[in-house]
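Working notes for the structure below.
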Amino acid sequence: MLLLKDGIIRIRDKLSSHFKIRVAEPNIEEEDAKAMYQAVKENRLSSGKYVEEFENEFAKYVGVKEAIAVNSGTAAIHLPLESLNLNAGEVITTSFTFAATSNVIVLQNMKPVFVDIEPETYNIDPKKIEAAITTKTKAIMPIHYGGQCAEMDEINEIASKHNLHVIEDAAPALGGIYKNRKAGTLSKISGFSFFPDKSITTGEGGMVTTNDSDLAEKCRILRKNGASKRYYHDYIGWNFRMPDPNAALGKSQLKRIEKIIKLKNEKADYYKEKLQNIDDVVPPLVKNYNRHTFMLYSILTKNNSQRQKIITELNKKGIETRINFPPVHLQPVYAKRFNFKVDSLPVTEDIANRILGLPIFIKMTNEQQDIITESIKRSIGN
C-alpha cells in the first residue's frame, strides 16, 4: 500500500521538477492511499459499491437528493444537457473559463452565446444576459469562476421569466456557499469536477447533482452507454462511469473538505494582507454573502506588460503561475466556427489580458507566500 502512495508522489514530483512551487498541488494523505488500495485489493476496479457510497455521501454533503458520479468534470456538465434533451438551439454562458463548458454545448449541436463578465468577480454578468436571449435560447450555464458562486438568484429569475433551463457549472466550487446555500443546489441540475487542482480529487472525475429523480435516473443510464440494464439500451449514451478506486479516493478526501476550504481561505487571507500595499495589483474580491473555495487565486495586474514582468520574475524563482483563462471565443476553433471577433466581449478580453493565477494549495507555507509576494513587489519596482 505504501508503494501506491510513494508512486503517486514520485509521479507528482517528476511532473513538477521544473518548479519549486507549483500553482496547485493535490492533497494526498496516507488514508487516501489506503482507501484506493482497499478497493483494488477487493478487485473492485469498475463502477460498483464505492461509487454508490461516494454518491450518497456527496449528496448528503451538498444537500441534494441525487448525486451521479462520472469520470470527468466535462462529463458532469455534458450529461445535464442531454438529460434535459438540449440538442439544438443556443446556450448562454461565459467565455472566461476552461473550454470544456463550451465544448459540451457544441457537442450537443448547440451554439454557445457568450455574455461578458463582472469586472470584480469574473463571473457571468447577469445584467447582460437578457440582451443575449433569442427565440433559439434554451438554457443558461453559469460557472463559478475560481470557486466563487455567480449571482444565481438573478440568473434563475431571468431564466424563469424566459422559460429557460439553468445548468450550474460548479466545477471549481465544491463547498462554495452563496447566500447560505451550497454550490450544486442553486439550479435544477449541476456538475462538479474532481481534477487534481480542485478542492478534492479522484484523479479524474466529476459529479452531477440534482433534486430531480427522473433527471438523475436518465443521467445514470446515459453514463453507461444508454443502458438501463446490461445489453438493453434506451438511449445513445457514453461510457462516463467512475471506477471504484477513484470513488474510494473521493470518499476519503470528502471527509476533509471543510478543513481544506478553511485552509485555502487562510492562504487567501494571507495573500491579501501581503498584496494590499503593492501598487496596481488587485487581489480577488469576495462578496460578503459568498464563501469562496479558492480553487484559483487570481490577481489583476495593471496591464499585460506588468503581468509578463511578474511571470518572468516568479519563473526565475521556480514559481509556477497560470493565466486563467484565455477567452474561449477567441480560441481558433471557436473564432473560425462561429465567427467570434476581438472586442466583442470587452470586459472579458481586458481581464484576460491582465489576470494572473498565483500558487495556492493547503500545504503552502507563509514563507513560500512571502517569496511570491516579495518577488511580485520587486518585479514592478515597489
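Rule-based calculations on the coordinates, nothing more; no lab input. What you see is a predicted model; the values in this text were computed from it and never measured. Please note: Cβ atoms are built from the backbone with ideal geometry, for glycine as well, and neighbour counts cover all protein chains shown.
What are the extents of the Cα atoms of the stretch 237-280 along their three principal axes, listed from largest to smallest and rounded to whole Å?
Taking the Cα atoms of the stretch 237-280, the three principal extents are 52, 26, 12 Å.
Mind scanning Lys198/Lys363; Lys41/Lys198; Lys111/Lys182; Lys182/Lys251; Lys111/Lys336 and naming the pairs with a C-alpha gap bigger than 21 Å? Please report the intermediate quantities before stating the final value.
Values: Lys198/Lys363 14 Å; Lys41/Lys198 27 Å; Lys111/Lys182 29 Å; Lys182/Lys251 19 Å; Lys111/Lys336 13 Å.
Violating the 21 Å limit, Cα to Cα: Lys41/Lys198; Lys111/Lys182.
How much net charge surrounds Gln306 when only the other residues with a Cβ under 13 Å from the Cβ of Gln306 are counted, with Lys and Arg +1 and Asp and Glu -1? Before the final figure, lay out each step's value.
Values: positive: Lys302, Arg307, Lys309, Arg354, Lys377, Arg378; negative: Asp279, Asp280, Glu313.
Around Gln306, the charge tally is +3.
Per 0.36 nm of contour for each residue apart, how much would the distance between Leu285 and Asn225 grow if the chain were fully extended, relative to their Cα-Cα spacing?
Values: separation 60, 0.36 × 60 = 21.60 nm, distance 4.24 nm.
Additional length available on full extension: 17.4 nm.
Only Lys, Arg, Asp and Glu count, each charged at its Cβ (+1, +1, -1, -1), so figure out the dipole size of the stretch 43-82 about its Cα centre, rounded to 20 debye. Don't skip to the answer; put the middle values down first.
Details: 4 positive and 6 negative charges, 18 e Å.
The calculated dipole for the stretch 43-82 is roughly 80 debye.
As an exercise, use a Förster radius of 41 Å and the Cβ-Cβ distance of Arg181 and Lys49 to find the FRET efficiency, rounded to the nearest 0.05. Working shown, then result.
Details: r = 30 Å, r/R0 = 0.74.
It comes to 0.85.
Gap in Å between the Cα centre of the stretch 54-108 and the Cα centre of the stretch 114-183?
If you average the Cα positions of each part, the centres end up 14 Å apart.
When the dipole is taken about the Cα centre of the chain, and only Lys, Arg (+1) and Asp, Glu (-1) are charged at their Cβ, what size is it in debye, to the nearest 20? Display every interim value, and only then the final one.
Details: 54 positive and 47 negative charges, 138 e Å.
Magnitude of the dipole: close to 660 debye.
What is the calculated FRET efficiency for Asn56 to Gln331, with r their C-beta to C-beta distance and R₀ = 41 Å, to the nearest 0.05?
Working: r = 38 Å, r/R0 = 0.93.
After rounding, the FRET efficiency stands at 0.60.
Relative contact order, percent, of the stretch 132-287 when contacts are C-alpha pairs under 8 Å separated by at least 6 residues?
14
Would you please state which residues of the stretch 92-114 a label at His162 would reach in this model, taking the label point 7 Å out along Cα→Cβ and a backbone N cut-off of under 14 Å?
Hits in the stretch 92-114 for His162 at 14 Å: 92-94, 111-114.
Taking the simple approach of a point 7 Å from Cα along Cα-to-Cβ for both Lys41 and Lys341, what is their distance in nm?
6.4
Would you mind telling me the antiparallel percentage of the DSSP bridges in the chain, rounded to 5? It would help to have the intermediate numbers written out before the result.
Working: 24 of 39 bridges.
Within the chain, antiparallel bridges account for around 60 percent of the total.
In debye, nearest 20, what is the charge dipole magnitude of the stretch 257-379 about its Cα centre with +1 on Lys and Arg Cβ and -1 on Asp and Glu Cβ, if you could check? Walk me through the numbers on the way to the answer.
Working: 21 positive and 14 negative charges, 64 e Å.
Here the stretch 257-379 has a charge dipole of around 300 debye.
Relative contact order of the chain, please, whole-number percent, based on alpha carbon pairs below 8 angstrom and at least 6 residues apart. It would help to have the intermediate numbers written out before the result.
Values: 781 pairs, mean separation 85.2, N = 382.
Relative CO of the chain lands at 22 percent.
Count charges around Ile21 for me, please; just the other residues with Cβ under 10 Å from its Cβ, Lys/Arg as +1, Asp/Glu as -1. Before the final figure, lay out the partial values.
Working: positive: Lys20, Arg22, Lys317; negative: Glu25, Glu320.
It works out to a net charge of +1.
For the chain, what does -39500 (n - 2.57) per DSSP helix run (n ≥ 4), summed and divided by total residues, give at 222 nm, in deg cm²/dmol to the nearest 500?
Numbers: 13 runs with 152 residues, N = 382.
After summing the helix terms and dividing by residue count, I get -12500 deg cm²/dmol.
Hey, can you rank 160-170, 229-239 by average C-beta count inside 10 Å, highest first? Before the final figure, lay out the partial values.
Working: 160-170: 19.9, 229-239: 11.5.
The densest-packed peptide leads the list: 160-170, 229-239.
At 7 Å along Cα-to-Cβ for each site, give me the label-to-label distance between Tyr270 and Lys127 in nm.
Modelled inter-label distance: 3.7 nm.
Can you tell me which of 72-85, 328-341 comes out highest on packing, and rank the rest after it, using the mean Cβ neighbours within 10 Å? Please report the intermediate quantities before stating the final value.
Values: 72-85: 24.0, 328-341: 14.6.
Highest mean packing first, the order is 72-85, 328-341.
Can you check what the Kirkwood hydrodynamic radius comes to for the stretch 238-382, Cα pairs only, in Å to one decimal? Don't jump to the answer; show the numbers that get you there.
Numbers: mean 1/r = 0.0571 Å⁻¹.
Radius from the Kirkwood sum: 17.5 Å.
Quick one: Cα convex hull volume of the chain, Å³ per residue? Display every interim value, and only then the final one.
Details: hull volume 52.3 nm³, N = 382.
Output value, Cα hull per residue: 137 Å³.
Can you give the local net charge around Thr185? Use residues other than it whose beta-carbon is closer than 15 angstrom to its beta-carbon, Lys and Arg +1, Asp and Glu -1.
Values: positive: Lys60, Lys65, Lys179, Arg181, Lys182, Lys188, Arg291; negative: Glu66, Asp153, Glu168, Asp169, Asp212.
Residues near Thr185 contribute +2 overall.
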